[in-house]
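A quick write-up on the structure given underneath.
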Amino acid sequence: MTTNTILSGDRPTGKLHIGHYLGSLHNRVKLQNEGKYKLFIMIADMQALTDNARNPEKIRNSLIQVALDYLSVGIDPAKSNILIQSQIPALNELTMYYLDLVNVSRLERNPTVKSEIKQKGFGQSIPAGFLTYPVSQAADITAFKADTVPVGDDQEPMLEQTREIVRTFNNTYNTNTLVEPKGIFPPKGQGRLPGIDGNAKMSKSLGNCIYLSDPEDVVTKKVMSMYTDPDHIHVEDPGKIEGNTVFTYLDAFAEDKKMVEQLKEQYQAGGLGDVKVKRYLNDVLQEVLKPMRERRAEYEKDIPSVYQILKDGSDRANEVANQTLSEVRSAIGVNYFDNLK
Ligand code: TRP
C-alpha cells in the first residue's frame, strides 16, 4: 500500500487567526492524527516575499509566530514535517523548469492572483515573482509528490494550475514522475469566516481578526464587540440570524448544535439579548483556544528548540525534494553527469 502524502502551507505575513484554523489547520491536524498520511507543512516565506521583498523583517518575525501557531493547534513534530520553503533549494530549480511550460496569459487569468493584485494595488508594477507564485506553489506540492492538499477555498486555482503543470510535464517528457494533487476544503458554507465586524473576510489589514495567540481577555473583548443584527435593539425584539456574525461563529465552532438551534429560535422569536449569546460564544471559543494557548506557552519558553524543529523538518524535506528533482532532471535530460564515475 502506498501512503498518501500531504503538503500544505501558509505565507508568514502575520499571525494566524481562527479563520485559518477553520479553513485548513483543523483539517491538517485531523489528517495528521488519522495516521495514514505523510505530512509536510510548509512555511512559505519565499511566497510571502513576492510582495514583501523590501520588508523582510516582517516575514522573519512572522515566520516564528506561524511556527508557534502550528505547534499550538496540535501539529506534532513527531508526526509531521514542518519546513521552511526558502531552505529547500530544489524548489527553485523545479520552478524554473515549470515556468517554461506555463504561458503568461494563463498566469494572468488566475482568479485568486487577480483579486490579490487588485487588493494590493500593484497597478502597473506587479512583481514578476508575484505573478508567477502559483508556479512556485506547484513546485512546493510536486516536490513532495503530494496527492492531498488541505487548504482554504481560495487555493483551488493553485491546485488547478498545479494539475495542469503535472499533466503537461508528464506528457511533454513522457514520464510519470509528477503526481496530480487534489484539494481538501472546509465543509460547504464554512469556507470563509467573517471578521468580528461582519465584513465577509477575516483579515489582518481589516483589523477584524481573533488570533490563535490572543490572550483570554482580548478574545472576550473582541467577542463582546462583535457585529450582530443592527436592528436588534431591545432584548424583546425579534432578531435576525442571517448575517449575524455571532451565530455564524457558533455554527462554526460550537459542538452543542442543539443548544445553538435553541438560541437561534429564541433570538428570532425575541427575548434573547446579544450579550447572552456573546457570552456563550465566548465560552465556546475559549474552550477551543485554551489548549492552544497552553501549548504555545510551553514552546515559547524555548524558541531555539522551535527553530531546531524547523531545521529537522527542512532536512527531511530536502531529502524528498532532492530525489524528485533528480527524477525531473532525468526526465528532461539535463542529467549530463549521471554516468560519470
Ligand atoms: N498560497 C498559500 C496561501 O496563501 C500558501 C502556500 C504556499 C501553499 N505554498 C503552498 C498552500 C503549497 C498549499 C500548498 O495561504
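Does at least one position in the stretch 18-31 carry a residue that is under 17 Å from residue 186 (Cα atoms), touching a Ser or Thr at 6+ places or on another chain (Cβ under 6 Å) and more than 13 Å from the ligand (Cβ to nearest atom)?
No, the stretch 18-31 contains no residue that is under 17 Å from residue 186 (Cα atoms), touching a Ser or Thr at 6+ places or on another chain (Cβ under 6 Å) and more than 13 Å from the ligand (Cβ to nearest atom).
Using the structure shown, decide if residue 320 is surrounded by 15 or more Cβ atoms within 10 Å (Cβ to Cβ) and in contact with a helix residue (DSSP H, G or I) (Cβ under 6 Å, 6 or more places away or on another chain). Steps first, please.
Numbers: surrounded by 15 or more Cβ atoms within 10 Å (Cβ to Cβ): yes; in contact with a helix residue (DSSP H, G or I) (Cβ under 6 Å, 6 or more places away or on another chain): no.
So residue 320 does not fit the description; no.
Could you run through the stretch 30-39 and say how many residues are touching a helix residue (DSSP H, G or I) at 6+ places or on another chain (Cβ under 6 Å) and either surrounded by fewer than 21 Cβ atoms within 10 Å (Cβ to Cβ) or aromatic (Phe, Trp, Tyr) (or both)? If you could, list the steps in order and put the result at the bottom.
Taking the stretch 30-39 as the starting set, the residues that turn out to be touching a helix residue (DSSP H, G or I) at 6+ places or on another chain (Cβ under 6 Å) are 37, 39.
With the extra rule that they be either surrounded by fewer than 21 Cβ atoms within 10 Å (Cβ to Cβ) or aromatic (Phe, Trp, Tyr) (or both), the set shrinks to 37.
Looking only at that region, the number is 1.
Residue check: is residue 113 within 11 Å of the ligand (Cβ to nearest atom), in a helix (DSSP H, G or I) and either touching a residue at least 12 places away in the same chain (Cβ under 8 Å) or not aromatic (Phe, Trp, Tyr) (or both)? Give the derivation first.
Values: within 11 Å of the ligand (Cβ to nearest atom): yes; in a helix (DSSP H, G or I): yes; either touching a residue at least 12 places away in the same chain (Cβ under 8 Å) or not aromatic (Phe, Trp, Tyr) (or both): yes.
Answer is yes for this residue.
Among the numbered conditions (1) in a helix (DSSP H, G or I); (2) touching a residue at least 12 places away in the same chain (Cβ under 8 Å); (3) within 22 Å of the chain's Cα centre (by Cα), tell me where residue 118 comes up short.
It is condition (2) that residue 118 fails.
Filter the stretch 44-64 for residues that are part of a helix (DSSP H, G or I) and closer than 21 Å to residue 128 by Cβ; which is nearest to the ligand (Cβ to nearest atom)? So that I can check it myself, show each step before the final result.
Taking the stretch 44-64 first, the residues part of a helix (DSSP H, G or I) are 45-49, 56-64.
Checking which are closer than 21 Å to residue 128 by Cβ leaves us with 45-49, 56, 58-59.
Details: 45: 10, 46: 9, 47: 5, 48: 8, 49: 12, 56: 17, 58: 15, 59: 13 Å.
Looking at the filtered set, the residue picked out is 47.
Criterion first (assigned to a loop (DSSP other than H, G, I, E, B), assigned by TED's automatic domain parsing to the domain that holds residue 10 and more than 17 Å from the chain's Cα centre (by Cα)) does residue 177 satisfy it?
Details: assigned to a loop (DSSP other than H, G, I, E, B): yes; assigned by TED's automatic domain parsing to the domain that holds residue 10: yes; more than 17 Å from the chain's Cα centre (by Cα): yes.
So residue 177 fits the description; yes.
The values are calculated or read from the model by the stated rules, or taken from the named source; none is laboratory data. Values in this document were obtained by computation on a predicted structure and should not be read as measured data. Note: ideal-geometry Cβ built from the backbone for every residue, glycine included; neighbour counts use all protein chains shown.
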